[in-house]
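Below: one structure, written as C-alpha cells.
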Amino acid sequence: MGSGVVIAAAAARRKRLEGVLDRFRVAGATAPDRARSLADMGIAADGEVTTLMRDGVIRAGTERSTWYLNEGAYIAFRDSRDSRPLRIVLAIVVAVLAIVVAAVLVYRSNR
C-alpha cells in the first residue's frame, strides 16, 4: 500500500509539472523576449515552479519579473528524472546484496 501512495504522489507531481509547462507553451513564453509574468499565465510560485527555476527550466526573461520556458533545459531535466527510478532500484539491489553478504560472513564467523 505504501508504494502505491508513493507512485500516486509521483504521478500527481509529474502532472502538476506538465501543467506548468503547458501554461508557458500556450502563453508562448518560450524565449527570453517572449517571457511573461507568472500572474499573467495564471501560475502560482509553488514547489513545481521553484524546482523548474532551480534547474534552469524556467528562466528570467528580458523584462523584470518575467519568465520563459527553456525547452532544451526541460529535455535535459526530463531525461535526468526518467533515469532516477532505475538508479534507485540499482541502489536498493546493491544494498540488499551487501546486507546478504555481510549476514553470511557473520553467520560463518560465528560457527
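The values are calculated or read from the model by the stated rules, or taken from the named source; none is laboratory data. These numbers come from a predicted model, not from an experiment. Glycine gets a Cβ as well: all are built from the backbone with ideal geometry, and neighbour counts include every protein chain shown.
Scanning the range 10-35 for residues that are of a type in the set (V, I, T) and surrounded by fewer than 17 Cβ atoms within 10 Å (Cβ to Cβ) yields a total of 2.
I need the full set of residues from the range 66-99 which are more than 30 Å from A45 (Cβ to Cβ) and modelled with pLDDT of 85 or more, in order please. Correct list: I99 only. Would you confirm, using the coordinates I've provided, whether A35 is small (G, A, S) and in contact with a Gly (Cβ under 7 Å, 6 or more places away or on another chain)? When the stated conditions are applied, A35 passes them. Taken over the range 36-63, the criterion of being under 24 Å from A12 (Cβ atoms) and surrounded by 13 or more Cβ atoms within 10 Å (Cβ to Cβ) is satisfied by L38, M41, I43, E48, V49, T51, L52, M53, D55, G56, V57, I58.
Residues considered: G42, G28, G61, G56. Of these, the only one that is within 17 Å of the chain's Cα centre (by Cα) and at pLDDT 80 or above is G56.
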